[in-house]
Amino acid sequence: MKNRDVKRWLNSAARKTAPDVLSSVLSRCEQEKGRNFVMTNATTSESPRRKPGIRGLAIGIAACCLLLVGGLGGFFGYQNHFAVDSVVGIDVNPSIRLEISRQDKVLSAEPLNADASKILYGMELEGTDLNVAANAIIGSMLRNGYLSDIANSILITVENGDEAKAAALQQQLVAEIDAILGSNNLQGSILSQTLSASSDLKAKAESYGISTGKASLIEGILAENAQYTFDDLASLSIRELNILASAGGVWTVESTGTISTEGYISETDAKNTALADAGVDASSVTVQKLSLDWDDGRVVYDVEFYDLQTTYEYEIDAVSGEIVKRETEQSPLASGEVIGLAAAQSAAASDAGVSNPTFTKGKLDREDGRSIYEIEFTDGSTRWEYDIDALTGAVLSKKTKAVSASSGSGVSGVIGEQAARAAALSDAGLSESDVTFGKVELDYDDGRWEYEIEFFTASGKYEYDIDAATGSILSKENETAAPPVSSGSGTSSSGTSSSGAASLIGEEKAKEAVLQDAGVSASAATFTQLELDRDDGRWEYEIEFYANGTEYEYVIDAQSGAILERDSDYDPDDAPVSAASVISMDEAKALAQAKAPNATLHEISFDYDDEIPVYEGELREGNIEYEFEIDGRNGSFLEWEADYD
């Protein structure tokens, strides 16, 4: 009999006998419980039919104990050698699922797709050590071309109820596979994760025909980048998902090695293409981003750099080298002397109370007319995101998020992500299986911690702000709901018919209502916001305007005209630039048209952005769409973007 046959016979015998022996012994002991044995000095007969004495009883008890010990030994031996302790997933394009015993022996090897069947063909992995099985699987992937200088990305997933053991096995596998690839002169890029898969995740993985490990990686990417859907990403290779995870800073996975750029143009070529198009020299700019990304179904290089006047952002096709997108805006250095990255990092870490941060992002940028540093770091269990004023070092905004599901948020007195999700879903009348979460973040806003939650259904998107201390809903929005008809218009603001629904009062009446309440004439007011929104199940107009050195903010019921909220703040310095000093709409149109003489102007509007008068709009020329922002004070371009369809 071969060793393999012996192992199978023992496996079968253990399954059939060990539990039954234990059950039988315990049952016999239960029957004997409470029975008294009377011991006397009476002489016993030498007859062969005599009753058993003390010696016989002792032998019986000893036999019972031996049976019990043997049964327990068989049971625990079965647990150590034949019960599933861990599940390991290995994904490249072939997806393989391994069931592992406590002794790190392979109990089963299951192919999850056709490519995996090819990899496992002819292998007898049951009973082998895990490291031997991993060596055989990776070797087969190399021989069959699934792993190469071009496709060097692997995803390793470990499921085990013991988090410490799962983490240890994860590290062991990463080291083992990295060594195997190295011995074959291949530099691998290995993503790894531990996982406790929910029934919803398992069901989603099964419906898409992918592993739970790959499904978890996709959900991690979606949590950081809501522009994609699960459908978009399910068919991508691990290499492509690795690019997205690296570009988006996904925290659900650990990463070692570098993604292969074989088959792509080099980073240097991508950078030089962008610099040449911008007409600037490398010595005159600071490059702050140069990395692979995935956009609109293709791999691109994101290239960002700036000088004293302008920030340039490019997307370069990583295969062809063509420019996919270009964008320029005012440089953050144009506002004045910045405090420097080190000072910004120190300000963020000090505010968070973190003494030994690991910084993962430090970027100088310009947002809403202000120069900022975008700072991200971790302290082991928590991820922090800060916007720091680049001129003063003041904290403008901050967010925190748990790095792993097992860790806390790093903020005391909060209800936790799961409770916040449950509150939002309950209010929406949905279950977790009905939705795909796009974002769950803990944010600090208006002096309190809030959970910002976004999720999607087949019919649209939901957004919630949940009080992190109490779990109460602060705001909510459902983009799928169509607003009722504006009074006298016959159509909703989205342009669709809505007959039979209650009507809105309309924007003009909304303006009249707030001006009358404020005691301000129409000629004295400059409106900067008039927006229709849905909150707490009703439609509202959110209105902001300036008059006589005062900023007014109103929320009014869009159907009844009742004033729901009002606020005003007097500060002459906050008043917007007077209309007399702002260039006209026609002048703004002429400036935009001069930048693209053959384009057609599709849209232009006027607004105030941080008290700066701004014209913003769009032009189209063939398959190119231009978006622009013009400073209304002097006609300079704050933003100019060309997007190629």
Residue pairs, from the table Lys401/Lys476; Lys399/Lys589; Lys204/Lys361; Lys204/Lys289, whose Cα atoms sit over 29 Å apart: Lys399/Lys589; Lys204/Lys361; Lys204/Lys289
Asp389, Asp379, Asp567, ranked by accessible area, largest first (probe 1.4 Å): Asp567, Asp379, Asp389
Computed lengthening from Ala83 to Ser196, 0.36 nm per intervening residue step minus Cα-Cα distance: 38.9 nm
Charged-residue dipole, Cβ positions (Lys, Arg, Asp, Glu), the range 286-384 about Cα centre, Debye nearest 20: 280 debye
Long-range amide H partners of Glu639 with built H, under 5 Å: Glu629
Spatial separation of Cα centroids for the range 308-337 and the range 126-146, in angstrom: 45 Å
Evaluated over the range 210-323, the Cα radius of gyration and Dmax, each in Å: 15.5, 49
Listed residues Thr261, Val250, Ser331: farthest to the positive end of the dipole of the range 189-339 (Cβ charges): Val250
Amide H partners (placed H, <5 Å) of Thr311, local residues excluded: Glu329, Gln330, Ser331
In nm, spacing of pseudo-spin labels at Ala179 and Asp643 (7 Å Cα→C-beta vector): 5.0 nm
Spatially proximal aspartates and glutamates relative to Lys165 (Cα-Cα < 19 Å; intrachain offsets below 8 disregarded): Asp85, Glu99, Asp104, Asp129, Glu176, Glu254
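The values are calculated or read from the model by the stated rules, or taken from the named source; none is laboratory data. Treat the numbers as computed from the prediction; the structure is a model and nothing was measured. Here Cβ is always computed from backbone atoms with ideal geometry, including for glycine, and neighbour counts include all displayed protein chains. Heads up: the accessible areas ignore ligands, DNA and RNA and are worked out on the full protein's heavy atoms, side chains in. Shrake-Rupley method; radii C 1.70, N 1.55, O 1.52, S 1.80 Å.
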